[in-house]
Structures are given as structure tokens and as C-alpha cells.
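Since the structure comes first, as C-alpha cells, the remarks are kept for the end.
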Amino acid sequence: MFDALIRFVREQYATNDFIPLHAPVFPGRERDYVLDTLESTFVSSVGAYVDRFEQEMARYTGSARAVAVANGTAALHVALLLAGVRPGELVVTQSLTFVATCNAIAYCHAEPVFVDVERATLGMSPAALQQWLQDNTEIDAEGLCRTRGPDARVVRACVPMHTFGHPADLDGLMEVCRRWNLVLVEDAAESLGSLYHGRHTGTFGRLGTQSFNGNKIITTGGGGMVLTGDEALGARAKHLTTTAKQPHPYEFFHDEVGFNYRLPNLNAALGCAQLEHIEDFVAAKRLLAQRYAELLRGSALEFVHEPTGCRSNYWLNAVVCDSREQRDALLKATNDAGVMTRPIWQLMNRLPAFAHCRRGDLSTAEWLEARVVNLPSSVIGG
Ligand SMILES: *Cc1c(COP(=O)(O)O)cnc(C)c1O
């Protein structure tokens, strides 16, 4: 099986060289736009490509406002601040995620709470979220969700993540968030181009965030975006990420502690060119996913399909092995053969920085942690 898989991946990418998990492709006007910034000298914190990238992303995702920032982690940090997360509060997220989700919560001096994911979506389980809230919290006189007991903490927000591009159960999560008065912030770093019931991920929460790191479906080198349907929040996001400077032709007045989280024009130029190809990239990835699924049908490796009612961007293809031993054998065989694969992340509650955090039952996350492997997923024919 592993030999057939290795052969298949080599055929897809038509090379005998090392095959990475995910490499960017630059099929269009990337060079033109980047050179344009050099020629104009506008490579840094002002320039027309930033505005254009924001407008085009808002249009593509159907979001009222998109604010470009330096990376996806910065986008999450600002989104959480704008969701009202304050020091000492709790933010519920999934234990099966990339560390950036939890780091951003920690930057707010808040603490993550880890709940389980669903087998079908790899995203946060609405039932697990509901269970943890029911077991540990109550709604106080002001309508805020607080943990019960002497050291009552406000539970402010909920951050599901659309794992590998597969949309989480947003209807279920929105319902639980409404019931418990939690602000929904979607970590859509991996899911640009993924649709839940026809609508773009990242536009269901009060805020959503994206990443354009080098390994994501489109890249700006490094970059991120805050999405929101609320114009006023969008304006706040722009203000806070651009040093909180009040507009003036020459005076410097900053009305609060702001962040220098701007996306440079040089990076935004790359983003504009990449975004012109997003639908081609999604189509190429979906075709590759279909081929993987066909190859693996009936084998010991279970291919991870998009959830029903969704269009996944299949950012990273994944399989579920039947045991940790099989997972280890797959990782060794493929990496030894120069075909890069890697295991899913270790659960966040195992990391020293987050080991003390509250958590619910994590049995599905633990089960997946021992079995999921990502397969090479770069766009073919870029
Ligand atoms: C990539 C990613 C981020 C953001 O990463 P940056 O490298 O800061 O752009 C956040 N969350 C998840 C789940 C990611 O995969």
C-alpha cells in the first residue's frame, strides 16, 4: 500500500526529486505586481496593493470588511481583542489545532479551554462545547457566561478552527454560542476558498481570520487578514493594527496603544496576484483529493473527505491510519522515500504553555492525534 501511494504521489508531481507537503506556486502576475512595488518605491506600510488586496478579499469571501495584517497569528490576536477578550477571561477552542490559535489567546492574557473535535469534520464539536459549558459554567445576572465556583471566570469567546480546510459544523457551533452568549471567532487560516452551505468560512463568526503564510493555499510570504461583517469593527481592526494613529496630514497622535501589524505593500502585491488564482487552486486541490480518495478506496488508509453540505479547499489532504503503529510505518516509508508526510499536531493540552488549562473530554482528538497523517498537497500544474 505504502509503495503504491509513494508511486502515485511521484506520478502526480511528475518528479523523482523530494516532494514537499505543500509548496507555493506563482502562475500569474506575481512577478509583475511585486516588481511594480519596487519601481514605485512603495514597498512598505503604505501603498495601493494593501487596499486592493483588502477589497478583493472582502469581495471574494462576501465579507463586509477585510483588514490585512502581518500574519495569521496577529489577525487572531486583534480579532480576539475586538471580540472583547480581556485579561483573566477564558476562550474555548479545540485541543486539535495549530499552536497559533492558543498563542493568540495567551497574547490577550486570557486562557484557552480545550474541547473535543468531531470525527467527521476534524473541527470543534458543538456537543462537546455544549457539554463543557453545561458542566462548568452558568449565565450570570449580566447575561455573561461564567465558570461556577469561587474563582468565577468570564468565558468570552469561542474559536473553532477549520482543520485542513474542512469546515466545522458552524450551524451547531453558532447555536451553542448564542445560547451561552459567547462571541464566535473563526480561525479560518487553513480554509480560504472553503464553503459551508455555500458561504465562505471566516464570515460566520463576528470575526474571522486568515493566514497567507508560505504553506497556505495562497501566500503573501507572510500575512493575514481579519474578516468581519461589522463595518465599525472593521474600522477598529484597521485602527488598532496601524498604531492607532488618528488620520492627519502631518501630526502624530495615537489615541491608544496600537499595534504595528500592517501588511507591507510588497506582500500585498503578491497577495493580489495569488488571489486571482484562488478558484484554480481550489479546483486543482479538489481534483488531487478525488484522486487520492480513489487510490485509497477500500485500503487500510481512510481518506478524509469534506463534510456533507460543504465545499472544502482540501488545503492539506489527510488519511486516518488504523493504529499509531501503522501511522509510524507510513510516516517512515514515505519520508524515507523523499515524499514528505507528517502527523497531525500534538494536542495543545500536551504543550508546556497550555498543560494547566481547563479541558473537557478529548477522546476523539486523542484518537485522531494518534492516527492522522497529511499527504503532499501542493497545487499541481501551477
Ligand atoms: C497557519 C495558521 C495560523 C496562522 O499562522 P501565521 O503563520 O501566523 O500566519 C493560525 N491558525 C492555524 C490553524 C493555522 O494553520
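The values are calculated or read from the model by the stated rules, or taken from the named source; none is laboratory data. Please read all numbers here as calculations on a predicted model, not as lab measurements. Don't worry about glycine lacking a Cβ; one is built from the backbone with ideal geometry, like all the others, and counts go over all protein chains shown. Just the protein is used for accessible areas: all its heavy atoms, side chains included, with ligands, DNA and RNA removed. Shrake-Rupley method; radii C 1.70, N 1.55, O 1.52, S 1.80 Å.
Key figures
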{"read-out": "Positive-end residue, the chain charge dipole about Cα centroid, Cβ charges, pick of 180, 100, 266", "value": "100"}
{"read-out": "Sum of -39500 (n - 2.57) over DSSP H runs of 4+, divided by residues of the chain (222 nm, nearest 500)", "value": "-11500 deg cm²/dmol"}
{"read-out": "Accessible surface of the stretch 333-382, 1.4 Å probe, proportion on carbon and sulfur as whole %", "value": "50"}
{"read-out": "Estimated inter-spin distance, residue 287 and residue 31, nm [label 7 Å along Cα→Cβ]", "value": "2.3"}
{"read-out": "Under 12 Å from the Cα of residue 238 - aspartates and glutamates, other chains or at least 8 residues apart", "value": "51, 54"}
{"read-out": "Around residue 359: net Lys/Arg minus Asp/Glu count, Cβ-Cβ under 13 Å", "value": "-3"}
{"read-out": "Inter-probe distance in nm under a simple model that places probes 7 Å from Cα toward Cβ, at residue 107 and residue 350", "value": "2.6"}
{"read-out": "Label-point gap, in nm, between residue 142 and residue 363 - each point 7 angstrom along Cα→Cβ", "value": "3.8"}
{"read-out": "Packing-based order for 267-279, 168-180, 127-139, 9-21, using average beta carbon neighbours within 10 Å, highest first", "value": "267-279, 168-180, 127-139, 9-21"}
{"read-out": "The chain: projected area of the alpha-carbon convex hull, averaged over directions, in nm²", "value": "19.7"}
{"read-out": "Interatomic Cα distance distribution for the stretch 167-209, bins of 5 angstrom, percent", "value": "6, 25, 33, 24, 10, 3"}
{"read-out": "Peptides ranked, highest mean first, by Cβ atoms within 10 Å: ranges 342-351, 296-305", "value": "342-351, 296-305"}
{"read-out": "Kyte-Doolittle mean at least -0.5, axial Cα span of 24 Å or more - DSSP H helices of the chain", "value": "278-296"}
{"read-out": "Percent of beta bridges antiparallel (DSSP, the chain, rounded to nearest 5)", "value": "65"}
{"read-out": "Computed FRET value (nearest 0.05) for residue 248 with residue 279, which takes r as the C-beta separation and R₀ as 41 Å", "value": "0.50"}
